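Accompanying notes for the structure given below.
Every read-out reported here was derived from the displayed coordinates using simple, explicitly stated rules and does not represent laboratory data. It should be emphasised that the depicted structure is a prediction, and the values quoted were computed from it without experimental measurement. Note that we place each Cβ from the backbone using ideal geometry, even for glycine, and neighbour counts take in every protein chain shown.
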Amino acid sequence: MNEAKLGGRFTFPGTSLTVNRIGYGAMQLAGPGVWGPPKDPDAAVAVLREAVAAGVNHIDTSDYYGPHVTNQIIRKALHPYPAGLVIVTKLGARRPADQSWQPAISPQELTAGVHDNLRNLGLDALDIVNYRVMGSGHGTAEGSIAEQVNALAELRRKGLIRHIGLSNATASQVAEAQSITDVVCVQNNYNLAHRHDDALIDRLAQQRIAYVPFFPLGGFSPLQSSTLSSVASRLGCTPMQVALAWLLHRSPNILLIPGTSSVAHLRENLAAGDLTLSPQTLADLDGIAAEAGTGGLST
């Protein structure tokens, strides 16, 4: 696949890291509930290798996926890593034996998490580490994150982290982090129907900071919209391809990390970069958030 069709290219601010705008999220490579190994480890390896062969050079992961599973699969599939591959990981949670998601936010836990990622990925330093703010469910939670960001900044000074990002963060937390250190990306819940971060995206675009939507296709509740289905039918593609293409059109600082454990589904996701949406189509799609009752609220 022509890399130009993967949404174009983006360079993280203040770095030499340039990626194609359609990347890959590795969470679904673990077993059910993001716990334990996948049913077919060879298929997981095949998806990663197919992604990289197609031009994907931005992989999103975390050592608490599995735990440890996705990073170990990434290492098996791709190590030694090809030049230009950017692996972004995140810290802030742990997975005890009951398979729950628990905060792991002390400086000691964050440091241990960095070392877990380094060991399981087979790296000496991590390209980008996102601190994930643990809210209730999948929502955000207000409150200071200065202690955690300072801990990551110290790990960067030690050479274990090259760059710092945030995940599940509010606009005020982004501003607080920026008062402490450079932030190269923000990874939040955002899609056609969930647009609470519109103002934040525009602010970050002005600073050329990447915005990386998780749940770009709706997550555990896949996007359902008659408008989306109608547009997809008109363009001869799937509704999910339209949803991804809309994100690419939404702002030039948006990077995509759709995940899948299927090579066929991976190819569909990557083909979203081929779609061109007319101004009228974009206007139609912009109405979906209003239908869902989540339009345009700023965090």
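For residue 186, the residues 5 or more places off, or on other chains, whose built amide H falls under 5 Å of its own are 166, 210, 211, 212. Using a simple spin-label model with pseudo-atoms 7 Å out from Cα toward Cβ, residue 278 and residue 230 lie 1.4 nm apart.
Excluding same-chain neighbours fewer than eight residues apart, the lysines reachable from residue 39 by a Cα-Cα span under 27 Å are 76, 90.
Look at the Cα gyration tensor of the range 1-127: its axes a ≥ b ≥ c give a/c of at least 1.5 with a/b at or below b/c, and that counts as oblate. Structural descriptor for the chain: relative contact order 19 percent, calculated from alpha carbon pairs under 8 angstrom and at least 6 residues apart. Remark: the Cα gyration tensor places the range 79-237 in the prolate category, a/c being 1.5 or greater and a/b exceeding b/c.
In the chain, helical runs assigned H by DSSP with n ≥ 4 each contribute -39500 (n - 2.57); averaged across all residues and rounded to the nearest 500, the mean residue ellipticity at 222 nm is -11500 deg cm²/dmol.
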